[in-house]
1. Calculate the mean, over all residues of peptide A:148-154, of how many other protein chain Cβ atoms lie within 10 angstrom of the residue's Cβ.
2. Which net charge results when you count Lys and Arg as +1 and Asp and Glu as -1 among the other residues whose beta-carbon is under 12 Å from that of B:K60?
3. In square angstrom, what is the accessible area per residue of chain C with a 1.4 angstrom probe?
4. Tell me the chymotrypsin sites (Phe, Trp or Tyr not before Pro) within region C:369-467 that lie in a loop according to DSSP and have at most 16 other beta-carbon atoms within 10 Å.
5. Mind checking the angle between helix C:156-176 and chain C's longest principal axis? C-alpha axes, 0 to 90 degrees, to the nearest 10.
6. When only C-alpha pairs under 8 Å and at least 6 residues apart count, what is the relative contact order of region B:1-74, in percent?
7. Determine how large the accessible area of C:D579 is when every protein chain is in place; take a 1.4 Å probe and give Å² rounded to the nearest 10.
8. Considering Cα pairs under 8 angstrom that are at least six residues apart, work out the relative contact order of region B:15-124 and quote it in whole percent.
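The values are calculated or read from the model by the stated rules, or taken from the named source; none is laboratory data. Treat the numbers as computed from the prediction; the structure is a model and nothing was measured. Glycine gets a Cβ as well: all are built from the backbone with ideal geometry, and neighbour counts include every protein chain shown. All accessible areas refer to the heavy atoms of the entire protein, side chains included, with ligands and DNA or RNA removed. Shrake-Rupley method; radii C 1.70, N 1.55, O 1.52, S 1.80 Å.
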Amino acid sequence: MATDTALDHHADVQDGNLWDGAKSPFQASYGKLMMWYFLLSDAFTFAGFLISYGALRFSMPTWPVPDFVFKSAPFGVENAPLIFVTFMTFVLIISSVTMVRAVQEGHRENKGGAVFWLLLTIIGGATFLSSQAWEWTNLIGKEGMSVTTNPFSNFNESGKYLSAEELEKAGFQKVETEAHGAAATYFLRPRAADVPENRYFVKADHHGHSMAGEEFAAGNHFLITYNHANHLYEHGAYMAEDGHVKKEEFGPQAFGALFFFITGFHGFHVFSGVVFLTIIAINVAGGLYVKRRNGYEMVEKMGLYWHFVDLVWVFVFLVFYLL
Amino acid sequence: MGHLEYSEAKKVVVKGLMILGVVTIAEVFVALFGNGHIIHGFYLHKIVFYPVMIGLSLYKAYFIVYEFMHMRYEVKGLAMSVLLPTLLLVWAIIAFFQEGTSWGKRRELIHQKDKETIHETQQPSETGMLDDDRTYQIQ
Amino acid sequence: MATAANKSTAPAQHDVDLLIEEYGYDDHFHEHHEGDKYQSNFFTTYIFSQDHKMIARQFLITGMFWAVIGGLMSLVFRLQLGFPEESLAWLKPVLGKWITINADTGLGTLAPEFYYALVTMHGTIIVFFVLTAGLSGTFSNLLIPLQVGARDMASPFLNMLSYWFFFMAGLVMFFSLFLSTGPFAGGWTAYPPLSALPQASSGSAGGMTLWLISLTFFVVSVLLGGVNYITTVLNLRTKGMNMWRLPLTIWAFFVTAVLGLLSFPVLVSGFFLLIFDRTLGTSFFLNEIFVGGQALDHVGGSPILYQHLFWFLGHPEVYIIILPAMGIVSEVLSVHSRKPIFGYKAMVFSILAIGFLSFIVWAHHMFMSGVNPFISNFFVVFTLIIAVPSAVKVFNWITTIYGGNIRFTSAALFGVGFVSMFISGGLTGIFLGNSAIDIQMHDTYFVVAHFHIVMGVAAFFGMFAGVYHWFPKMFGRFMNETMGKVHFWGTMIGAYAIFWPMHYLGMAGVPRRYYRFDNFDTFSHFSAMNQFITVAAILVFAMQIIFIVNFFRSIWFGKKMTSRNPYGANTLEWTTPIDVPHGNWPGKIPAVQRWAYDYGKGGEENVSQIVPLAEGEHDQGH
């Protein structure tokens, strides 16, 4: 119906003012306008998430340092802060560029070119999604971060990790138990009930090496001791400068939840983008848009969506990985 | 609408790839540099670090919207009708962040007040230990 | 508004008919269904229709269905509030296990948790399903293409989807009413922790899940409709219909659609975070909390965050409700008082100003829920500024009808009633917008009275005005005027009888959302007033039955429309044939030559928008 609107029989009007009716004041088809306004509203959805992220982050005394959290890459690369996510960002930028090329070929009504660049864009989107899958797997499986647990945080004060002997000397009671089929040793403060929140562990790093005696300053980041053998996230014990024995605190829960939620929501957009790109690539190959004679407008609208996904990533990248 | 010629447009694409790539590398470099990964022990102050990061990201966003999404070649009204509403978020950001800060402060205050009552009602035992899980002395 | 027109040059009414004939059809046009591939059978004509007029009727009738459900719910809880000692055993066949009958006395009492469910559902249904979908959905769909001169919406298919998403939202919500644990019972705002913890109350489990699913569908419907309305108004105006010639209805629907497009997504982000809190144990909106003596694992979130996200939608939402009513009333008052709207441009700018301000005032709903008092100051100031554009509009409505040759039709009466209600309710809004006064007033019946008058009753009045006015355009027949007037006076007096006393209850501190008051000595002397309110509510509901009977009776038996333009109105929808075909104009779409409000110009009763400007005549809108 929309094709035979007022526009057709008043098309002869050559009035200077675009707002006088019978033509688009923005010289854009209704489909393109609708895509723009949908993207505007989607931007507000993401804004809702990112502003919530900001509010929660501002309400927390500490927040994990990104270049400490995101420092692994596939194939066993360790201590390479932000390198993998830079790769992911580049994948998305390149897929955006190939999308621009697809739109240009569409404008030229070059079917083969449009399909070629669309396929490259699909490959880019799929690569990004795979990278994200690896990143999530690493964070969940190896680092122990989940929507309810955040093993990354900052120290509020300076101190030194304690060894088992020092803990026993301080009057802590040593408990040896079996957890998930492996031995676990922890310490209870005097008169404390044996519940998970009261358990103090000797701090060990990722490889299981004891970190007793190591000193740290306020603001240093830390990762809660993670025991591969018994799958426990353990509060390491340390002595503050004023001589008090304390245990490490988990980082703000909200970090993990927000990270998985917002990157997941963005990933969902990438995923649906890949699905739509595939459909459109098939349609282009089938010659559907040639029949419509509108310069492959569907490819252009899809391009807007795909660039929007890239645009959102700019801000996700900013708030989660850079700041 | 002033669309570019095909050959020019192809150049813009390459230029876009370069610009976005360079800005991204710059961002990552500043992030690593500012957090002491490049010169050990050197940290950029937040007053410098945050604006640089946000500025670079906003430039990327501008570039994507104006070049890749062709906003530059659209009628100005369309650009305004999409971009101006996002200004509504400015006040939302101010208000939400202000709120977040105040939740944090209030939580801190409650924490302090909780400690105060413990000091009033409970005397330290001979070992100098309180039932508060933060205050154990090494003997 | 100057009425400087040359008497001799103003064209006569019969010229309009000639003009319309020039566009290719006359009054004797009849729609021929064959040959229209979009309306080839019963399903594509009446069910999955892509015709904006049919979708408008679908929205209206679905909205009316929900209004009856929501209204009946309010009667049940009003009975509980007015007559807490009386037996509700007679409701047992309808409400089933929610009425407990005392074995000894035979006294039937309403379950308190179901009382809360009723209040919650009443709010959700009326705000979203009736006053958003039923009002903006109906009239945006009906009037935008007709009044801007388009054959249909920009995308009729998405328009159809918009209705069916709304329908699904309603279906899910309807289903939730029959859960054994009851529908959601934590208030229409669904604040955490009641909404975030499935174990928090009986409705928080399945009821809340269905509530969230339903409203997510609803938001999809609003967004699909919104992009369509905006694009249609921008792109599909007929020749000559520049923005300053748009009727105020279209301006109002346009800004409404923009508000919906920008605010509902933020609600969705709140909903998604809430779903995570409910299902995955995250703590976006939950801090340390005990439920039933059990400490939960949640830590570090903030329930106020949800309130911010909710009211970032919630405040624009009340303008999404009231702006269409404002637009309809502007048009109806001008047509029926035979005068141009006073201050057309001021009206447009005040709609835009209200639209803008609605996005920066949301926290005035949260002064007492723990929002930072420093930031509250700004919200107070922004809130009070809204009084300015609102007052401009009220002034312009009054000056529009002042000295007019008013026809007291039902539509005009409801238009005037709207203005009355908007003033009464708007004034109390200024009280509540002050955070200092809000300390006393918050969560009392003063608030209930305020928002029911200003966005409940007033929006309903706008809707009624629109239904009475455009009923002939929708169904080709008129509604019964006598029944309409009984409906108006009954509703007008009854609505004030319900809500006026509530101000006094509120100022005395009677809190809202309480199951019964007779065990509070402080409030015991208000029991007579509560009974009065309940009786008034029942009477007002009875008046709506008159309306519904009138509505459905008139669809089949109403007085037939005999002329194309029964009210002598200027807007384009009255240039279409009596039986409006799919595509609206059987010939060409008429071009627009002047603004929509040339009433009483140059000695003419009215001058249609399609009549060309005479030599030397000045178009007032442009």
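1. Taking the mean over all residues of the peptide, I get 1.
2. On the way: positive: none; negative: A:D310, B:E27, B:E67.
Summing Lys/Arg as +1 and Asp/Glu as -1 gives -3.
3. 35 Å²
4. Values: sites: C:F374, C:F378, C:F379, C:F382, C:F395, C:W397, C:Y402, C:F408, C:F414, C:F418, C:F422, C:F431, C:Y445, C:F446, C:F451, C:F460, C:F461, C:F464; in loops: C:Y402, C:F408.
Taking region C:369-467 and a limit of 16 other Cβ atoms within 10 Å, the loop chymotrypsin sites (Phe, Trp or Tyr not before Pro) found are C:Y402, C:F408.
5. 30 degrees
6. Values: 33 pairs, mean separation 24.6, N = 74.
After rounding, I find 33 percent.
7. Result for C:D579: roughly 70 Å² accessible.
8. Details: 31 pairs, mean separation 17.5, N = 110.
Computed value for region B:15-124: 16 percent relative contact order.
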